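The structure appears below as structure tokens.
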Amino acid sequence: MAYCRKPAVLYSNADGIGCSDGSWSSCKKKYRQYTERFHHDHDLLFSESSRMKNYSSQLGTVLILNSVYEYDIFQLELLYFGRNLNFKNLHQSINRLILVEPELASLFVKKNETEFFLISELERAVQCAEEDEDYFNDDLVNALIECEGKLYHLVSKRFLELRKAIKTIVPEHGFKLMDYVANEDEQTKIVSQILRIKPVEEIYLFDKIIGSVQSIYYLLLVGEGLGSVVLSSMQQSVTAKLGENVEVVIIGHSRIWIQKNLFQHQAFFKEIMQPKNRVHQFAVYPQIHWEDPHVKCYPDLEYYFRSAKVLYESYLALRKNGKKNSEGAELLFNHTLMRVFRTLVFSKSSYLPNYATPFILWKLIVHLEPELEKVEFMFGKYNEKNFFGFIKHRLQFSHDFARASKKDLKLMDEILGLLVDSLTQSVNKVLSAS
């Protein structure tokens, strides 16, 4: 935040909205939203652990507390380093955080030079769950709850420190440029790589998220012959050229397809296809004949919703009755996830993608409902290397046995449960308004 001040501006696009002056008044709203979101999500997780404790479920309590600890540490990493450090375990994360927040060392008794006793107990609880073993230790549960309260206090304290830092006036001189600066040249390179694969009529940039580690560009391509293979090649070409710190979310349709499907998709495309969003135009093309008036509609939404729900119920039935044999659970998980993804996009935008990858669908969901981005935390726990690539591969035919562990199965349950709940709320909201 200290660097994002007007005196530090070296270049400003004439069409841009301008740089914040870094004052508290310009940051207050975002700061409040971020802190409220943290406290809200934390309280939800912690209340669930309290509920399990009331049910005398020690294992359930500790497993949920493990998620609370992970969330607290994750937030501390963001607040101190601006990103998630992606360490293998909480021991490594805490050891790194202690260097910038020494008070953290007073919370955890060391088991050895690199590990902490309470964190090891959390790991033991997860192992007990995977091996269907009992977990007993009342005193330890209370110690975990007490320690988490202190950890939560450190996160809250860091929020207050940042608030104070934002309010402090920073001198106009002596700024150090950030290592990563997003600029127009990056956008130009993306467009250039796309056009190398296939010329298109127009390209619209309808969202852009610039982070300290990674940037995400949302692009609508208008042109002929933009099938899934071509779009995938474009995405791979951009990654090969600019590296993994730049991601592109590409959707593509012909002009006539958009025109013929306005009754369903107009609200989505009209918002995107504005001159201010256009970053490439090969020639002058006729404008889409928008319907006026237009009533936003969701044809067959109930059908798609029921389809996703029925498959989810099949998954639940297999998980309930297949304790000793979970063959097929992963297959049902992958296909249910895709139906949920696609229907979520539809229910939140009236846009129903034809053949989109899991990655594209999910990023569209996050674009439409940023609150759901927190679910990515569980995606990483299920497959930390490439969750979306893994799902895409598993959607193909495979004549092999499933290799999902008990931990994976529990994560699959949790992921689908959260997303189906979100889908149900979204669909009910649409149907009640129609």
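The values are calculated or read from the model by the stated rules, or taken from the named source; none is laboratory data. Values in this document were obtained by computation on a predicted structure and should not be read as measured data. Quick reminder, even Gly has a Cβ in these numbers, built from the backbone with ideal geometry, and neighbours come from all protein chains shown. Accessible surface is based on the protein model in full, side chains and every heavy atom, while ligands, DNA and RNA are left aside. Shrake-Rupley method; radii C 1.70, N 1.55, O 1.52, S 1.80 Å.
Can you spot a residue in region 26-45 that is at pLDDT below 85, touching a helix residue (DSSP H, G or I) at 6+ places or on another chain (Cβ under 6 Å) and closer than 22 Å to Ser212 by Cβ?
Checked against the condition, which is being at pLDDT below 85, touching a helix residue (DSSP H, G or I) at 6+ places or on another chain (Cβ under 6 Å) and closer than 22 Å to Ser212 by Cβ, region 26-45 yields at least one hit.
Go through region 218-234 and give me each residue that's closer than 24 Å to Pro275 by Cα and either touching a Cys at 6+ places or on another chain (Cβ under 8 Å) or open to solvent by 10 Å² or more (accessible area, probe 1.4 Å) (or both).
Glu224, Gly225, Leu226, Leu231, listed by residue number.
Would you be able to say whether some residue in region 97-119 is within 19 Å of Glu384 (Cα to Cα), hydroxyl-bearing (Ser, Thr, Tyr), open to solvent by 20 Å² or more (accessible area, probe 1.4 Å) and part of a helix (DSSP H, G or I)?
Applying the first criterion (within 19 Å of Glu384 (Cα to Cα)) to region 97-119 yields none.
No, region 97-119 contains no residue that is within 19 Å of Glu384 (Cα to Cα), hydroxyl-bearing (Ser, Thr, Tyr), open to solvent by 20 Å² or more (accessible area, probe 1.4 Å) and part of a helix (DSSP H, G or I).
Which of the residues belonging to region 40-61 are free of Cβ contacts under 8 Å to residues at least 12 places away in the same chain and either open to solvent by less than 90 Å² (accessible area, probe 1.4 Å) or in contact with a Gly (Cβ under 7 Å, 6 or more places away or on another chain) (or both)?
Going residue by residue through region 40-61, those that are free of Cβ contacts under 8 Å to residues at least 12 places away in the same chain are 40, 43-44, 47, 50-51, 54-57, 60.
Result: Asp43, Ser47, Ser50, Ser57, Gly60.
Could you please find all residues in region 300-351 being free of Cβ contacts under 8 Å to residues at least 12 places away in the same chain and either among the aromatic types (Phe, Trp, Tyr) or within 30 Å of Asp132 (Cα to Cα) (or both)?
Residues satisfying the conditions are Tyr303, Val310, Glu313, Leu316, Ala317, Lys320, Asn321, Gly322, Lys323, Lys324, Asn325.
Cβ-Cβ under 8 Å, sequence separation 6+ or interchain: first residue in region 182-195 and farther than 22 Å from Gly223 by Cβ and modelled with pLDDT under 95, partner of a type in the set (Lys, Arg) and part of a loop (DSSP other than H, G, I, E, B). Which pairs?
Going by the 8 Å Cβ cut-off, there are no qualifying pairs.
Just to be sure before I move on: is Arg342 part of a helix (DSSP H, G or I), open to solvent by 50 Å² or more (accessible area, probe 1.4 Å) and either within 30 Å of Leu195 (Cβ to Cβ) or in contact with a helix residue (DSSP H, G or I) (Cβ under 8 Å, 6 or more places away or on another chain) (or both) in the structure I sent? Spell out how you get there, then give the answer.
Numbers: part of a helix (DSSP H, G or I): yes; open to solvent by 50 Å² or more (accessible area, probe 1.4 Å): yes; either within 30 Å of Leu195 (Cβ to Cβ) or in contact with a helix residue (DSSP H, G or I) (Cβ under 8 Å, 6 or more places away or on another chain) (or both): yes.
Taking the combined requirement at face value, the residue satisfies it.
Just to be sure I understand the filter: pairs with C-beta atoms under 7 Å, separated by 6 or more residues or on different chains, first member in region 363-380 and more than 13 Å from Ile209 (Cβ to Cβ), second member open to solvent by 60 Å² or more (accessible area, probe 1.4 Å) and charged (D, E, K, R). Which pairs pass?
Going by the 7 Å Cβ cut-off, the qualifying pairs are Met378/Glu414.
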